Amino acid sequence: MSESTPFLSPGKVWLVGAGPGDPELLTLRAARLIMAAELIVHDGLVDPAILSMARPTARLISVAKRRSRHTMPQDEINALLVAEALAGRDVVRLKGGDPFIFGRGGEEVEMCRAAGVDVEVVPGISAAIGAAASALVPLTHRNSSSIVSFVAGQCKGLTEQDWTGLAGKGRTLVIYMGVATAEMIADKLIADGLAPDMPVAVIENASRAEMRVLRSPLAGLAAMVEHKRVKSPAVIIIGEVTATNETHLRALALEALA
């Protein structure tokens, strides 16, 4: 009688938020998992400094996504995670920002659970939170905003989306993936009644050494993005809070001159 094949225990998938870029903004748990991982499936926007934390023997697979150019379609990413786990390997799925904010983490969790694969989510600082903190822009402020909305600014279906009431007095609107559609976004919001002079901040490469914070009125958003050659990763923040820090600094300067 031949010897039976040992039972292969399935591995586990961790969806880990890598935050906005700076390795020091990782959670302790995220850092521990990255340093211990044998296999890391990572997004293209994960900072190289974070990937360098992996041990030398770790296998790193990039599933980088860019506008109109995907290294690996989402269905294949889902299948990869499941296949590796069912083969007995533990997988760290490293995602920029937070896995559950425009990161398709929900889809990956569903696929893992449907295949009987154990999955756990490790939250990360989202792009919006990281960008706002890095630029000293409070997303809420007692004097100017008590509501925050996050939306995706990708071109597909943009004109059909209902953004009525998401921006305006007392509200902050944060737009992910909106650099390429900045003109459409501004036109859409102004057509829906938002003031053309509503202040806007664009934060590029938040928390990284090359971070830029650019400001303009809403009507000038597209021209600024083009003139300054803004590139992803970047978030657009629309609302009175984007002028809060500048207003405070001007007040201090006037007080000093008095």
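No lab work stands behind these numbers, since they all come straight from the coordinates. Bear in mind the structure is a predicted one, so any value in this text is a computation, not a measurement. Cβ sites come from the backbone with ideal geometry, for glycine too, and all protein chains shown count toward neighbours.
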How large are Rg and Dmax for region 128-246 when calculated on the C-alpha trace, in angstrom? 12.8, 37
Quick calc, L28 & N143: beta-carbon distance into FRET formula, R0 30 Å, rounding 0.05, result 0.30
Show me the GluC sites (Glu not before Pro) within region 23-89 that DSSP assigns to loop and that have at most 10 other Cβ atoms within 10 Å of their Cβ. none
Those lysines that a straight Cα-Cα span of less than 29 Å connects to K12, excepting residues fewer than 8 apart in one chain: K65, K95
Subtract the Cα-Cα distance of H227 and D192 from 0.36 nm times their separation in residues, and report this length gain in nm to one decimal. 10.0 nm
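For region 12-124, what does the relative contact order come out to in percent, with C-alpha contacts under 8 Å and a separation of six or more?
Here the relative contact order equals 43 percent.
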FRET efficiency (Q74, A36; Cβ distance; R0 25 Å; to 0.05) is 0.40
Gained length - S62 relative to R89, 0.36 nm times residue gap less alpha-carbon distance: 8.0 nm
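If contacts are Cα pairs under 8 angstrom and at least 6 residues apart, what is the relative contact order of the chain in percent? The partial results should precede the final answer.
On the way: 490 pairs, mean separation 50.1, N = 258.
With pairs under 8 Å counted, the relative contact order is 19 percent.
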Report Rg(Cα)/(2.2 N^0.38 Å) for region 15-95, keeping two decimals. 1.06
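Sort K65, K12 so the one with the fewest other Cβ atoms within 10 Å of its own Cβ comes first.
Values: K65 18, K12 15.
In increasing order of surrounding Cβ atoms, one gets K12, K65.
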In the set [x] 60, 37, 34; [y] 93, 43, 33; [z] 63, 42, 34, which value of Cα extents along the principal axes in Å was calculated from the structure you see? [y]
Quotient of C-alpha Rg and 2.2 N^0.38 Å, computed over region 1-136: 1.10
Running a GNM on the chain with Cα contacts under 10 Å, which residue among T181, T172, T242 ends up with the highest mean-square fluctuation? T181
